Amino acid sequence: MKDFTFLDFARTVGKHITVNYMMAKDSVQKRLNGEARDGLSFTEFTYQLLQGYDFLYQYQKYGVRLQLGGNDQWGNMTTGTELIRRTLGNEAEAFCITCPLITKADGKKFGKTESGNVWLDRNRTTPYAFYQFWLNVTDDDAERYIKIFTDLDQPTIEALIAEHRQDPGRRVLQRRLAEEVTTMVHSKEDLDMAIAASNILFGKATKDQLSQLDEATLNDVFQDVPHYELSRNLLGGTAIDLFCQEGWDIFPSKGEMRKMVKGGGVSLNKEKLTAFDQPVTADDLIDGKYLLVQKGKKNYYLITVK
């Protein structure tokens, strides 16, 4: 529509759809009857014409006959079928099918325009982030989603729900949901990688498992931990000199780091640091640019070497 002027639109599309037809839509009536505090904007009122023309265009150019969407789009979609009929004649057949709208626990739509949602494309949502999304849904959402998004049969789902309700803390339902959907959308190998990545942050993991993560997954796993940058020419220096730099908050002081290393409380790339003056070299880098420092059981710090 980038070259479609307003006058062209009014002449080509507007003349075929009456205001009475547009006013009769449930979505319009709800706004006019006070369900929305701000009333109905001109943009919202005319949006059904824009979506209707989209269907007409695809019908003519690509032979599209069927539009599928959530039931909140029924009014906009049927404007498209009506526009096709009035523009091209009664013999032009087009159809709409809607399905119940999937919402999250907060009532918001499960759609790409909402925040906190996931993409099937691994370049937009890594398999790890995809797995974590399903793993962290609420109990109520897990019960609904496992029926919608998996191929599990009814007896299996009912058994999982019953088991989950007996001990919600184990999150049996969320785990099975995350496993099923991640395998379906990505692969069993990606599921295994996502579980391994989760264990790096929340359980026991090895340096080899850490090294197997790709850069996108590594950044997803540690997106919420403190990040620091280190000049590459400093590599070769000792751990205590590199990790106790001014402005960094990993250790309160060099004395504190010495004490923690001696007590076995500091790890570099998931391996215990045996000496505070251990050299840190390019061989220690993960993916050629990262160092992961762990203090205690739960405190992580990701250092990017540039």
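The values are calculated or read from the model by the stated rules, or taken from the named source; none is laboratory data. What you see is a predicted model; the values in this text were computed from it and never measured. FYI the Cβ positions are ideal-geometry reconstructions off the backbone, even for glycines, and counts take in every protein chain you see. These area figures cover heavy atoms from the full protein model, side chains too; ligands, DNA and RNA do not enter into them. Shrake-Rupley method; radii C 1.70, N 1.55, O 1.52, S 1.80 Å.
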State which residue is surrounded by the fewest Cβ atoms within 10 Å (Cβ to Cβ) when the search covers only segment 163-194 and only residues that are over 23 Å from residue 221 (Cβ atoms) and among the charged types (D, E, K, R).
167
Hey, any hits in segment 191-200 for a residue that's of a type in the set (Ser, Thr, Tyr) and within 27 Å of residue 140 (Cα to Cα)?
yes
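Given the options 298, 254, name the one that is in contact with a helix residue (DSSP H, G or I) (Cβ under 6 Å, 6 or more places away or on another chain) and open to solvent by 50 Å² or more (accessible area, probe 1.4 Å).
Details: 298 fails: in contact with a helix residue (DSSP H, G or I) (Cβ under 6 Å, 6 or more places away or on another chain).
It is 254.
If only one of 88, 160 is of a type in the set (A, V, I, L, M, F, W, C) and more than 30 Å from residue 58 (Cβ to Cβ), which one is it? Before you say what the answer is, go through the steps one by one.
Numbers: 88 fails: more than 30 Å from residue 58 (Cβ to Cβ).
After applying the criteria, what remains is 160.
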I'd like to check something: does segment 200-215 contain any residue that is open to solvent by less than 40 Å² (accessible area, probe 1.4 Å) and among the aromatic types (Phe, Trp, Tyr)?
no
Which of the strands (runs of 3 or more DSSP E) contained wholly in segment 194-304 include at least 3 residues that are of a type outside the set (Lys, Arg) and closer than 27 Å to residue 135 by Cβ?
290-295
Note on segment 203-236: residues without any contact (Cβ under 8 Å) to a residue 60 or more places away in the chain and touching a strand residue (DSSP E or B) at 6+ places or on another chain (Cβ under 7 Å) are 236
Answer yes if at least one residue in segment 93-110 is of a type in the set (A, V, I, L, M) and more than 30 Å from residue 149 (Cβ to Cβ), and no otherwise.
no
Condition check: open to solvent by less than 70 Å² (accessible area, probe 1.4 Å) and not in a helix (DSSP H, G or I). Does residue 10 satisfy that?
no
Every residue in segment 153-192 that is hydrophobic (A, V, I, L, M, F, W, C), touching a residue at least 24 places away in the same chain (Cβ under 8 Å) and touching a His at 6+ places or on another chain (Cβ under 9 Å), please.
173
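A quick yes/no check of all residues on (1) farther than 22 Å from residue 102 by Cα; (2) at pLDDT 95 or above; (3) touching a helix residue (DSSP H, G or I) at 6+ places or on another chain (Cβ under 8 Å):
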{"residue": "31", "(1), (2), (3)": "no, no, yes"}
{"residue": "34", "(1), (2), (3)": "yes, no, no"}
{"residue": "65", "(1), (2), (3)": "yes, yes, yes"}
{"residue": "82", "(1), (2), (3)": "yes, no, yes"}
{"residue": "89", "(1), (2), (3)": "yes, no, no"}
Among the helices (runs of 4 or more DSSP H) contained in segment 46-162, which hold 3 or more residues that are crowded, with 17+ Cβ neighbours inside 10 Å and within 26 Å of the chain's Cα centre (by Cα)?
127-135, 139-149
How many residues are surrounded by 13 or more Cβ atoms within 10 Å (Cβ to Cβ), β-branched (Val, Ile, Thr) and free of Cβ contacts under 8 Å to residues at least 40 places away in the same chain if we restrict to segment 272-295?
0
